[in-house]
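Beneath this line is the structure, given in structure tokens, with notes to follow.
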There are 2 protein chains.
Amino acid sequence: MSVPAGVASQRVADELRERILAGRLAPGTRIIQDELAEELNTSRLPVREALRILESRGLVTLRANSGAWVTSMDARECELSYKIRERLEPLLLTESAPRLSEEDIDAMDELQDGIEACTDVEEFLVLDRRLHWAVYRRHEAEDLAAIVNRLWDTTQHYRRAFTRLAFERRGWIIGAEHRLLIQALRDRDHTSAARVLELHIRRTRVELAKHPELFTG
Amino acid sequence: MSVPAGVASQRVADELRERILAGRLAPGTRIIQDELAEELNTSRLPVREALRILESRGLVTLRANSGAWVTSMDARECELSYKIRERLEPLLLTESAPRLSEEDIDAMDELQDGIEACTDVEEFLVLDRRLHWAVYRRHEAEDLAAIVNRLWDTTQHYRRAFTRLAFERRGWIIGAEHRLLIQALRDRDHTSAARVLELHIRRTRVELAKHPELFTG
DNA sequence: GACACCTCCATTGGATCCATTAATGCTTGC
DNA sequence: GCAAGCATTAATGGATCCAATGGAGGTGTC
């Protein structure tokens, strides 16, 4: 076994987060402290602390004297998450955009090339997220970024389900929005960039609302 | 000794939060697990979990293998918190306003009477917060409310310092804004209500920016 | 005299053990 | 046959003990 780097509770939290985001632990799944502890070769204490960490990120729901479950959302909560993103991500963009270099923006176009070339849903999710965070790369607003990151985390599972349905036949819309966003950044037109981003998130929210069946689980 | 209600770690977290929000624990203060545990007649374990809980609420800052401190902000972070509030609280108002009853709105006017009558800073902070949450009372958006609540918590200390400076000579502005907000809600003009709220927060942010000396501690 | 390294102590992180709670299944009575 | 209550069991919450880390202070060397 490899050398455990860093604090155990953080390692456990990272591992658990990875499993949830990758879809290997579905929303609603119960998490038993003993099982995880044994599986990760540690005691239950770091697991308990890891669950607290992930609860604060919204990925896990705790009930006192009862247990822990992977957080699940209903359609209403998910829609609200998107409304929050609509308001916060343009602000985060505003914090980052003035500091982006030409190279930063070139990298975005390359990422978008990759997105347009990819056919696998999991790969799309990774690249799409990477592109958005390339836009925010130069922010100096840790607290705001943490809130936004959390929203991406908690909606990841539903984004996956939605992407499975939609990205093949309507993928060009996302591509168009991404290219418009990148171009506005290149032109240093930060107001337009913020507007495009807001529309991009808003359109996704509206599309998502057309598929309530994604939440009947 | 009285019967301990609920889970110990939550009790410790509540007590610690209360101390920080009441200003009895200043930003930057170090928190030693042993001391708190002894003082609250419990072991270090609930204290550790309480620190995790409060870290997730942004009230304490943890450093691995080092310790815990009451979180402190610089002017930039505080200003950003207000910008986030400017965007999120109107949204939270929108979620609540349509469901507010006449009695709810009457209660707001009564709260505002109390605010205009009060001369003590601590009392003002309590009543002001209570009034704002009276506006949001009928929301069904727990996640959004949690984010906003957290922002109020983390900026509480700076709001106190600012209030000490400003509320006596310019208190009438806050009163005017509050009354306008309540009236818009009474008229069921939710768009205006959201705008007034946004302006109210924005004006406070701009005022606060004039007092950088509040952050040189 | 100044800087670097080493040792010691205070404090946090982790493991094991015990208490407590809550849920489930069985039994009993109606 | 069904419902309610009790008992059993499994999993969480808490306390104590031990290990590891990081900072501070002193000493030795350049």
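Just one of (1) closer than 27 Å to B:Arg76 by Cα; (2) modelled with pLDDT under 95 fails for B:Val148. It is (2).
Taken together, the residues in segment A:52-92 that are touching a residue at least 60 places away in the same chain (Cβ under 8 Å) and of a type in the set (S, T, N, Q) amount to 3. If only residues of segment A:124-140 that are within 14 Å of chain B (Cβ to nearest Cβ) and in contact with a Leu (Cβ under 7 Å, 6 or more places away or on another chain) are counted, the one that is nearest to A:Arg85 (Cα to Cα) is A:Tyr136.
Between B:Arg137, B:Arg169, B:Arg188, the distinction of being assigned by TED's automatic domain parsing to the domain that holds B:Glu86, open to solvent by 30 Å² or more (accessible area, probe 1.4 Å) and in contact with an Asp or Glu (Cβ under 7 Å, 6 or more places away or on another chain) belongs to B:Arg137 only. Going residue by residue through segment A:78-101, is there one that turns out to be modelled with pLDDT under 95, surrounded by 18 or more Cβ atoms within 10 Å (Cβ to Cβ) and either at negative phi or within 12 Å of chain B (Cβ to nearest Cβ) (or both)? So far as segment A:78-101 goes, no, none of its residues is modelled with pLDDT under 95, surrounded by 18 or more Cβ atoms within 10 Å (Cβ to Cβ) and either at negative phi or within 12 Å of chain B (Cβ to nearest Cβ) (or both).
Of all the listed residues (A:Asp153, A:Asp143), the sole one being surrounded by fewer than 20 Cβ atoms within 10 Å (Cβ to Cβ), in contact (Cβ under 8 Å) with a residue 40 or more places away in the chain, within 14 Å of chain B (Cβ to nearest Cβ) and closer than 24 Å to A:Gly58 by Cβ is A:Asp153. B:Arg44 passes every criterion in (1) away from DNA strand C (no atom under 12 Å from the Cβ); (2) over 20 Å from A:Asp143 (Cα atoms); (3) open to solvent by 30 Å² or more (accessible area, probe 1.4 Å); (4) not aromatic (Phe, Trp, Tyr) apart from (1).
So, in segment A:47-77, of the ones that are facing chain B (nearest Cβ under 10 Å) and open to solvent by 60 Å² or more (accessible area, probe 1.4 Å), which residue ends up farthest from B:Arg57 (Cα to Cα)? Checking each candidate, the answer is A:Arg76. Are any residues in segment B:175-217 within 21 Å of B:Ile115 (Cα to Cα) and in contact with a Phe, Trp or Tyr (Cβ under 7 Å, 6 or more places away or on another chain), and if so, which ones? Within segment B:175-217, B:Ile201, B:Thr204, B:Arg205, B:Leu208 meet the criteria.
Residues in segment A:50-75 that are more than 14 Å from B:Ile53 (Cα to Cα), within 16 Å of DNA strand C (Cβ to nearest atom) and in contact with a strand residue (DSSP E or B) (Cβ under 7 Å, 6 or more places away or on another chain): A:Gly67, A:Ala68, A:Trp69. Suppose the filter is farther than 24 Å from A:Arg159 by Cα, outside the structural domain of A:Ile201 (by TED's automatic domain parsing) and either open to solvent by 70 Å² or more (accessible area, probe 1.4 Å) or part of a helix (DSSP H, G or I) (or both); does A:Glu38 pass it? So A:Glu38 fits the description; yes.
A:Arg129 satisfies every condition listed in (1) open to solvent by 20 Å² or more (accessible area, probe 1.4 Å); (2) more than 23 Å from A:Arg202 (Cβ to Cβ); (3) charged (D, E, K, R); (4) part of a helix (DSSP H, G or I) except (2).
The residue list B:Glu86, B:Glu79 contains one member that is assigned to a helix (DSSP H, G or I), away from DNA strand D (no atom under 16 Å from the Cβ) and under 18 Å from B:Val135 (Cα atoms), which is B:Glu86.
The values are calculated or read from the model by the stated rules, or taken from the named source; none is laboratory data. All of these numbers come straight from a predicted model, not from anything done at the bench. Note that each Cβ is placed from the backbone with ideal geometry, even for glycine, and that neighbours are counted across all protein chains shown. Ligands, DNA and RNA are excluded from the accessible area calculation, which covers all protein heavy atoms including side chains. Shrake-Rupley method; radii C 1.70, N 1.55, O 1.52, S 1.80 Å.
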